[in-house]
Amino acid sequence: MTTDKPKWWQDWIVYALIGLLLILPAYVGGYYLLGDCRSYLMEGPSIVEPDLEICHFRHFDSGFLRIAFGPLGWAEAKLRGERVRLSSPGASNDYETGG
């Protein structure tokens, strides 16, 4: 039998993980609820051999939201295998599938 107490930083790791698990649904929900989403069938980059690809556009009302939800835009592009563009007035970010 051991009488070792857990280290102080072990408790903080557990608290941080619980905090992340509590915040994550609100973050993902905000991504889907705060952005106006539209999907389009677009021609790819090559004019010689035009490729049709689906592109998802999410428009946010502020640049702060566009930047804050950038990691989810990247993840959506990777998971869907389709291009995602996050935009706000005056700026936009494209996320490619990478494959």
| field | Single residue of Leu24, Leu79, Leu72 found to be part of a helix (DSSP H, G or I) and more than 22 Å from Gly98 (Cβ to Cβ) | value | Leu24
| remark: Restricting attention to segment 7-21, the residues that are among the charged types (D, E, K, R) and part of a helix (DSSP H, G or I) number exactly 1
| task | Kindly provide the set of residues from segment 50-99 that are touching a His at 6+ places or on another chain (Cβ under 6 Å) and among the aliphatic types (A, V, I, L, M), ordered by number. | result | Val84
| Taking segment 88-99 as the region of interest, how many residues are farther than 19 Å from Glu43 by Cβ and in contact (Cβ under 8 Å) with a residue 24 or more places away in the chain? | 5
| request: Read through the list (1) of a type in the set (Asp, Glu); (2) modelled with pLDDT under 85; (3) in contact with a Lys or Arg (Cβ under 7 Å, 6 or more places away or on another chain), then give the number of the only condition that Asp94 fails. | output: (2)
| request: Determine whether segment 62-78 contains at least one residue that is at pLDDT below 90 and touching a strand residue (DSSP E or B) at 6+ places or on another chain (Cβ under 6 Å). | output: no
| task | Would you please list the contacts, defined by Cβ atoms under 8 Å and residues six or more apart or on different chains, that run from a residue in segment 15-27 that is closer than 16 Å to Ala75 by Cβ to a residue that is part of a helix (DSSP H, G or I) and of a type outside the set (Asp, Glu)? | result | Tyr27/Leu72
| request: Identify all residues within segment 27-39 that are in a helix (DSSP H, G or I) and surrounded by 10 or more Cβ atoms within 10 Å (Cβ to Cβ); write none if there are none. | output: Tyr27, Val28, Gly29, Gly30, Tyr31, Tyr32, Leu34
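The values are calculated or read from the model by the stated rules, or taken from the named source; none is laboratory data. Everything numeric here is computed off the predicted structure, so don't read it as measured data. All Cβ positions, glycine included, derive from the backbone under ideal geometry; neighbour counts span all protein chains shown.
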